[in-house]
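Right, one structure below, let's go through it.
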Amino acid sequence: MNYSANRGAISAAVLGTASINEFPTFVLDDAIIYRKDTNGKLVVANVCNVNLDGPLVVRGKLEVEDELELHLRKPSKNTAYIEISVCEGYSIGYGPWPAVWASGRAGWYEINPSDDYRRMHEYMCEGITLYYKIMDAYDSMGETVPKGRKYKAWQTPIEKVLFKYSVAIGDGATIAEVQRRSDILSEMADRNKRGAVLFSQIVIRCQY
């Protein structure tokens, strides 16, 4: 498969956008993400580890919806196989299912995995689901605490949190399962200060 640089498909106006928050969002089908090993060889990578392994390389089939065609160099060609040679960021979301986006220098790209990337994508989605459902569990516990009382959610027994998570997801997660997923949680903990506190405690407590 021949991949063209994403700058060949996206208009110069978008490439010159100053803020990453102003980037348009595209869909990337048959996507796969790589990092370079010590020998420069491309190996499958977890985009949530971009701060450790990046910049990453993203490849896939660009699918552009009608309202986003104005961002293309050739609006008549809204499908192309592209390579994002410098990916330095990611974003996650949940509702009604987990999703992950990779950033390039011309936009955000929602990752719809190729067969070769599906296993890694499913692993990331496990972590994303765990992240949001545990945050929801802590939030719901905090709502039951009387006003005026400082509530430290991380003091809640991990078994109680896991029970809420298991009921919400229905996968019967155990502490051992959370430990297996804790490496991706460690990366997600950097997303906000509250998350950093909560998930650092979860990761530590799941190791014993």
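Each reported figure results from applying straightforward, stated rules to the coordinates on display, with no laboratory input. Source: prediction; values computed, not measured. Here the Cβ positions follow ideal geometry from the backbone for every residue, glycine too, while neighbour counts run over all protein chains shown.
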Of the conditions (1) buried (at least 18 other Cβ atoms within 10 Å of the Cβ); (2) touching a residue at least 24 places away in the same chain (Cβ under 8 Å), the single one that Asp136 does not satisfy is (1)
Of the residues in segment 83-132, those that are among the basic types (Lys, Arg) and in contact (Cβ under 8 Å) with a residue 24 or more places away in the chain come to Arg105
